[in-house]
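Have a look at the structure below before the remarks.
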2 protein chains.
Amino acid sequence: MVETVERLIRSTQELLWERGYVGTSPKAIQRAADAGQGSMYHHFAGKAELAKAAIERSGAELRAAADVQLGGDGTAGERIAGYLEREREVLKGCQVGRLTADPDVIADPDLRAPVAETFAWLRGRLAEVVAEGKRTGEYPQTLDPERTAATIAAVLQGGYVLARAAGSTEPFELAVQGLIDLLPEATK
Amino acid sequence: MVETVERLIRSTQELLWERGYVGTSPKAIQRAADAGQGSMYHHFAGKAELAKAAIERSGAELRAAADVQLGGDGTAGERIAGYLEREREVLKGCQVGRLTADPDVIADPDLRAPVAETFAWLRGRLAEVVAEGKRTGEYPQTLDPERTAATIAAVLQGGYVLARAAGSTEPFELAVQGLIDLLPEATK
DNA sequence: GTCTATACTATGATAGAC
DNA sequence: GTCTATCATAGTATAGAC
């Protein structure tokens, strides 16, 4: 049996993903976690503290998932393409990126910190892979790893936005393929 | 003197931008617009109807602003770079893109429609400029206008996400410059 | 650790007077 | 067109019993 604390965190992750921080009430969390009022407030001081735990968990999951492709086998280009093209729940959006739209998350340093750290890590990890591609001669020496990394991360985050706007995964896929077209290809 | 209806719409635009649909209450709108309860409900059936008017207005503003650069003078590359690099309130995010994080906006066809139309228009407009660049020989014939347009729009939307996460405009600027680096340059 | 009771505010709206 | 009641529900907790 999963512990109450664990169920509370997981339910909060799910609700933050779907409805954001402002749109998620303690009552909804309790219902989803099948936990009582008293139980929730016994384990967490309030909504913010629980959200912090949930956001940290989501950030860790995002990093782990990204590292599957980025730290895998293959050339830099293959790993980046693999990361870009991996299966995603596009219409749900990014569980971490989504929180940047939430004014109360951005305003509270405790809540924004795990979001900031997650994307700082992702950009750093992508930059490493790009730099590696430069070392192996796959990418031209003129390519800037930090810039390119930010562009790659932005295409994914923006792809989610365009897909949700359209109610279709198509714009996401177009944006990703457009980026892959633009990235330098190793001369065969 | 600006009319009440106008003040209500403008205040709603501003609040939707800052706090989203879920985070914006009728009371907050009335306060911002300096309009009474009765006044607001006299002009609009409720929060959703007012939000629809505000979102349509914001969409129109986004289109007009984009067309300043995209429909201006210069080569395709210059106009796209001009659009990407124009002055923006990066840390506030995109007033239209922001709404895609709002579950109630995405769930209501009346509210999602203006968001969908705005980005469909933007991608189409960008694709036209890319196609024009192909015709003039500035861009290679292999470049896909729809994909490239989606990538450009995504970099901006994702750039906002990364910037708000970081609490700094830097990731936005890196992502934009990274994209400009990747876009084909006319052979001099 | 969990439950129920209680509290106080905000939300989103309607009704009827002016 | 605008104002002031009024209302039912939800949000976000705290207190104290079990």
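The values are calculated or read from the model by the stated rules, or taken from the named source; none is laboratory data. Since we're looking at a predicted model, the values are computed, not measured. Note: ideal-geometry Cβ built from the backbone for every residue, glycine included; neighbour counts use all protein chains shown. Surface areas here come from the heavy atoms of the whole protein model, side chains and all, with no ligands, DNA or RNA. Shrake-Rupley method; radii C 1.70, N 1.55, O 1.52, S 1.80 Å.
Quote the total accessible area buried by chains A and B together, excluding ligands, DNA and RNA, probe 1.4 Å, nearest 100 Å².
3700
Quick one: net charge around residue A:76, please, counting Lys, Arg +1 and Asp, Glu -1 for every other residue with C-beta under 11 Å from its C-beta.
Local charge sum for residue A:76: -1.
If a/c stays under 1.5 just call it rounded; otherwise compare a/b with b/c (prolate if a/b is bigger, oblate if not). Do that for segment B:35-145, with a ≥ b ≥ c from the square roots of the Cα gyration tensor eigenvalues.
prolate
Per residue of B:102-111, what is the mean number of Cβ atoms on other protein chains within 10 angstrom of that residue's Cβ?
2
So which of A:92/B:52; A:47/B:47; A:92/B:134; A:27/B:47 end up more than 30 Å apart by C-alpha?
Pairs exceeding 30 Å: A:92/B:134.
Quick one: putting +1 on the C-beta of Lys and Arg, -1 on the C-beta of Asp and Glu, what dipole do you get for segment B:56-182 around its Cα centre, in Debye to the nearest 20?
Roughly 80 debye for segment B:56-182.
Using only the alpha carbons of chain B, what is the convex hull's orientation-averaged projected area in square nanometres?
12.0
Checking understanding here: applying a Kyte-Doolittle mean of at least -1.0 and a length along the axis of at least 15 Å (C-alpha), which whole DSSP H helices in chain B pass?
Going by DSSP H runs, the hits are B:4-19, B:47-70, B:109-135, B:145-166, B:170-182.
Determine the relative contact order of segment B:43-185: mean sequence separation of Cα pairs under 8 Å and six or more apart, normalised by residue count, in whole percent.
26
Over all residues in A:143-149, what is the mean tally of Cβ atoms on other chains that come within 10 Å of each residue's Cβ?
Mean number of neighbouring Cβ atoms from other chains: 5.
For label points placed 7 Å from Cα toward Cβ, what is the shortest-first list of nm distances from residue B:25 to its copies?
So the label point of residue B:25 gives 1.2 nm to the other copies.
Tell me the net charge near residue B:103. Cut-off is 9 Å between Cβ atoms, residue B:103 excluded, with +1 for each Lys or Arg and -1 for each Asp or Glu.
Around residue B:103, the surrounding residues sum to -2.
Roughly speaking, to the nearest percent, how much of segment B:56-182's 1.4 Å accessible area is carbon and sulfur?
It is 47 percent, rounded to a whole number.
Report, in whole Å, the centroid distance computed from the Cα atoms of segment A:121-188 and segment A:31-50.
39
How big is segment A:81-188 by Rg and Dmax over its Cα atoms, in Å?
Computed over the Cα atoms of segment A:81-188, radius of gyration and Dmax are 15.3, 50 Å.
Which residues of segment A:2-24 show a drop of at least 30 Å² in accessible area when all protein chains are present, compared with their chain alone (probe radius 1.4 Å, heavy atoms only, ligands and nucleic acids excluded)?
Output list: A:19, A:22.
Just counting partner chain Cβ atoms within 10 Å, what average do the residues of peptide B:113-121 show around their Cβ?
3
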